[in-house]
1. Between segment 68-122 and segment 10-57, what's the alpha-carbon centroid distance in Å?
2. Excluding ligands, DNA and RNA, what is the solvent-accessible area per residue of segment 3-49 at a probe of 1.4 Å, expressed in Å²?
3. Estimate the FRET efficiency between residue 122 and residue 100 by the formula 1/(1 + (r/R0)^6), using the beta-carbon distance for r and 41 Å for R0, to the nearest 0.05.
4. So what are the radius of gyration and Dmax for the Cα set of segment 1-61, in Å?
5. How tilted is helix 30-46 with respect to the longest principal axis of the chain? Cα atoms for both, answer in degrees (0 to 90, nearest 10).
6. Across every pair of different alpha-carbon atoms, what Kirkwood hydrodynamic radius in Å does the chain reach?
7. In whole percent, how big is the carbon plus sulfur part of the accessible area of the chain, probe 1.4 Å, protein atoms only?
8. Build a GNM of the chain with springs between Cα atoms under 10 Å: which of 56, 93, 13 gets the top mean-square fluctuation?
Amino acid sequence: MKSSVSGIRRIIKACIYSYQGFCAAFKSEVAFRQDLLFCLVAGSFLIFLPISGIEKAVMSLTLALILLMELVNTAIETVVDRVSPDYHKLSKKAKDIGSLLVFLSFVTTGIVWMIILSPLIF
């Protein structure tokens, strides 16, 4: 369905829809709230690290990746549940792959943070 709205009104509507999506995820998804808290705490920690701005930016992007993958996972689970609440092996596969996205984003974050922080630790 193509929108009849264009220009600045389209951008404003897109921002409103994005805000509504954030609110829906925050209200209904415990995992999103936990990931958001983790990212806020870890991101706050970045302020005090004696590393370059580029390194801080890369580390911040890995935190954003966690939130992005959690939102993708939530979207997959929501669509699967909307299609059918019944168990199906393909539904399980889709949800498991969504979970893997989140797990890999955490692994990626851990690896990047270890690489950047290892000179400070050792």
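The values are calculated or read from the model by the stated rules, or taken from the named source; none is laboratory data. Predicted model only: the values in this text are computed from it and were never measured. Don't worry about glycine lacking a Cβ; one is built from the backbone with ideal geometry, like all the others, and counts go over all protein chains shown. What goes into the accessible areas is simple: the full protein's heavy atoms, side chains included, and nothing from ligands, DNA or RNA. Shrake-Rupley method; radii C 1.70, N 1.55, O 1.52, S 1.80 Å.
1. Answer, in whole Å: 16.
2. 76 Å²
3. Working: r = 31 Å, r/R0 = 0.76.
Between residue 122 and residue 100 the formula returns 0.85.
4. For segment 1-61, the Cα radius of gyration and maximum Cα-Cα distance read 17.0, 50 Å.
5. Rounded to the nearest ten degrees, it is 30.
6. Roughly 16.7 Å, rounded to one decimal.
7. Answer for the chain: carbon and sulfur cover 72 percent of the accessible area.
8. Looking only at 56, 93, 13, the biggest GNM fluctuation is shown by 13.
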